[in-house]
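Peer 1: Pasting a structure here, questions to come.
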Amino acid sequence: MLDGRTVSLVMPCRNEAAFLEDLISEVPEFFDEVICVSNKSTDNTVEVGRRIESNEPRFKLLQDNRTADGIGYGFAHMTGINAASGDVIVCADSDGTYPVEDVPQLWHTMREIGVTFTSCTRYPDRGIPFKLQFGVKILNIEIALLYGLRIHDSLSGMWIFTKDVKSRLHLTEGDWNLSPQIKLNAYELLGPKFKELKITQKMRYGETKQSYLKTGLKHLLWIATNRFVKRSNVQPCD
Ligand SMILES: Nc1nc2c(ncn2[C@@H]2O[C@H](COP(=O)(O)OP(=O)(O)OP(=O)(O)O)[C@@H](O)[C@H]2O)c(=O)[nH]1
Ligand SMILES: [Mg+2]
């Protein structure tokens, strides 16, 4: 609980069996609920998740096996967010890179400045490899030019938002593009109640499986296409 509000943590998860128990054992007490959504894991993520469920009452392992071009990151998030019952919802990867322990401070800042959706930015951070910094920068510029949103981290995978925002985000992207979509939809919906707040990324548990160039090019295309496709179901800012 934070300030009398219940808090849910939603994490997409594919093939994270080796570190899932460690990760969940470190989830701070203020989270009332932890929902991990596996998508076509080929290791024993699901079995490990079932074992954690029997020891950790806050933990639930869900499965969503839909994919778009083999990726289910967005589908997993949609399922997890939909299932989350908290007054405040925190989304973060299940590879240990996002500092979920910083949520109380971030939430405090959100309340102080009257924000209902935060995208947690990893940038600026000189420690992040140049090719990733460069790729994210190009997407940030594309978003600024096409949407008028100045953002430092178009691909951050950590977001904090309130329950009332959840049902109005109208998420549809099943692959990696859910990440820019959630930010753009939140910004369109909330205007100044959308804000980035700085976090410091941590080292990943395990090896990366990400194809940075392929994923980056797909983002570049999606961000442009989305700008000119009618987004009739996103309500304008309050
Ligand atoms: N459910 C689901 N989760 C996924 C899928 N692909 C990746 N994930 C999870 O989504 C999170 C982000 O994936 P990562 O592989 O870390 O991608 P990334 O953060 O861009 O790259 P890294 O530099 O390797 O951290 C991780 O927690 C993965 O377990 C998928 O297709 N389905
Ligand atoms: Mg990651």
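The values are calculated or read from the model by the stated rules, or taken from the named source; none is laboratory data. Keep in mind that what you see is a predicted model, and the values were worked out from it rather than measured. For neighbour counting, all protein chains shown are included, and Cβ atoms are generated from backbone atoms with ideal geometry for every residue, glycine included. Heavy atoms of the whole protein, side chains included, go into the accessibility calculation; ligands, DNA and RNA do not. Shrake-Rupley method; radii C 1.70, N 1.55, O 1.52, S 1.80 Å.
Peer 1: Take the Cα atoms of the stretch 30-160, build their convex hull, and give its volume per residue in Å³.
Peer 2: 150 Å³
Peer 1: Could you give me the ³J(HN,Hα) list for the stretch 72-82, computed from phi with Karplus coefficients 6.51, -1.76, 1.60 and θ = phi - 60°, whole Hz, x at Gly and Pro?
Peer 2: x, 3, x, 4, 4, 4, 4, 5, x, 5, 4
Peer 1: Mind checking the dipole of the chain: about its Cα centre, +1 per Lys or Arg Cβ, -1 per Asp or Glu Cβ, Debye to the nearest 20? Before the final figure, lay out each step's value.
Peer 2: Working: 29 positive and 30 negative charges, 202 e Å.
Computed about the Cα centre, the dipole is about 960 debye.
Peer 1: Rounded to the nearest Å, what's the spacing between the alpha carbon centres of the stretch 163-235 and the stretch 29-80? Just the number, please.
Peer 2: Taking the Cα centre of each part, the stretch 163-235 and the stretch 29-80 sit 20 Å apart.
Peer 1: Multiply the residue gap between Glu29 and Ile128 by 0.36 nm, knock off their C-alpha separation, and tell me the result in nm, one decimal place.
Peer 2: Here the answer is 32.7 nm.
Peer 1: Right, something else. In whole Hz, with x marking every Gly and Pro, tabulate ³J(HN,Hα) for the stretch 104-120 from phi via Karplus 6.51 cos²θ - 1.76 cosθ + 1.60, θ = phi - 60°.
Peer 2: Each residue of the stretch 104-120 in turn: x, 5, 5, 5, 4, 4, 4, 5, 4, 9, x, 10, 10, 9, 10, 9, 8 Hz.
Peer 1: Which one of Ile113, Ile141, Ile81 has the biggest mean-square fluctuation once the chain is modelled by GNM with Cα springs under 10 Å?
Peer 2: In this elastic network of the chain, the residue with the biggest mean-square fluctuation among Ile113, Ile141, Ile81 is Ile113.
Peer 1: From the convex hull of the Cα coordinates of the stretch 142-238, what is the mean projected area in square nanometres?
Peer 2: Details: hull surface 28.7 nm².
Mean shadow area of the hull around the Cα atoms is 7.2 nm².
Peer 1: Could you point to the residue in Pro124, Gly216, Ser54 farthest towards the positive end of the chain's charge dipole, with +1 and -1 charges on the Cβ of Lys/Arg and Asp/Glu respectively?
Peer 2: The one lying farthest along the dipole's positive direction is Gly216.
Peer 1: With no solvent and one point per C-alpha, what does the Debye sum give as log10 I(q)/I(0) for the chain at q = 0.14 Å⁻¹?
Peer 2: With no solvent term, the Cα-only Debye profile gives -0.89.
Peer 1: Also, I was wondering about something else. Taking the chain as a Gaussian network, where each spring joins two C-alpha atoms under 10 Å apart, which residue of Thr116, Thr225, Thr162 fluctuates the most?
Peer 2: Evaluated over the chain, the most mobile residue of the options is Thr225.
Peer 1: For the stretch 89-145, place one equal point scatterer on every Cα, skip the solvent, and apply the Debye formula. What is log10 of I(q)/I(0) at q = 0.13, 0.16, 0.18, 0.27 Å⁻¹?
Peer 2: -0.46, -0.69, -0.84, -1.12
Peer 1: Considering only protein heavy atoms, what per residue accessible area in square angstrom results for the chain with a 1.4 angstrom probe? Walk me through the intermediate numbers first.
Peer 2: Values: 11420 Å² over 238 residues.
Heavy-atom SASA per residue in the chain reads 48 Å².
Peer 1: Now for a different question. Carbon and sulfur atoms: what percent of the 1.4 Å accessible area of the chain do they account for? Please report the intermediate quantities before stating the final value.
Peer 2: Details: 6350 of 11420 Å².
Taking all protein chains in place, the chain shows 56 percent carbon and sulfur surface.
Peer 1: Can you tell me the relative contact order of the chain? Whole percent, Cα pairs under 8 Å, sequence separation 6 or more.
Peer 2: On the way: 434 pairs, mean separation 53.2, N = 238.
Answer for the chain is 22 percent.
Peer 1: Now a separate question. Can you give the charge dipole size of the stretch 123-204 about its Cα centre, rounded to the nearest 20 debye, using +1 on the beta carbon of Lys and Arg and -1 on the beta carbon of Asp and Glu?
Peer 2: On the way: 13 positive and 8 negative charges, 67 e Å.
For this selection, approximately 320 debye.
Peer 1: Right, something else. Using a simple charge model, +1 on the beta-carbon of Lys and Arg, -1 on the beta-carbon of Asp and Glu, nothing else, what dipole does the stretch 33-91 show about its Cα centre, in debye to the nearest 20?
Peer 2: Dipole about the Cα centre, nearest 20: 100 debye.
Peer 1: What do the square roots of 5 times the Cα gyration tensor eigenvalues come to for the stretch 140-190, in whole Å, largest first, as semi-axes of the equivalent ellipsoid?
Peer 2: Working: eigenvalues 65, 31, 22 Å².
Values for the stretch 140-190, descending: 18, 13, 10 Å.
Peer 1: Taking the Cα atoms of the stretch 98-189 alone, what are Rg (to one decimal) and Dmax (as a whole number) in Å?
Peer 2: Rg, Dmax (Cα atoms, Å): 13.6, 37.
Peer 1: Over the Cα atoms of the stretch 1-82, what Rg and Dmax result, in angstrom?
Peer 2: Using the Cα atoms of the stretch 1-82, the pair Rg, Dmax is 12.7, 41 Å.
Peer 1: Around Ser154, which amide H atoms from residues at least 5 apart in sequence, or from another chain, sit under 5 Å from its own amide H, with H modelled in the peptide plane?
Peer 2: So Ser154 has HN proximity to Asn140.
Peer 1: Within 10 Å, at most 12 other Cβ atoms, and a DSSP state outside H, G, I, E, B define an exposed site. Report the longest part of the chain free of exposed GluC sites (Glu not before Pro).
Peer 2: On the way: sites that count: Glu26, Glu29, Glu207.
Within the chain, the longest run free of exposed GluC sites (Glu not before Pro) spans 30-206.
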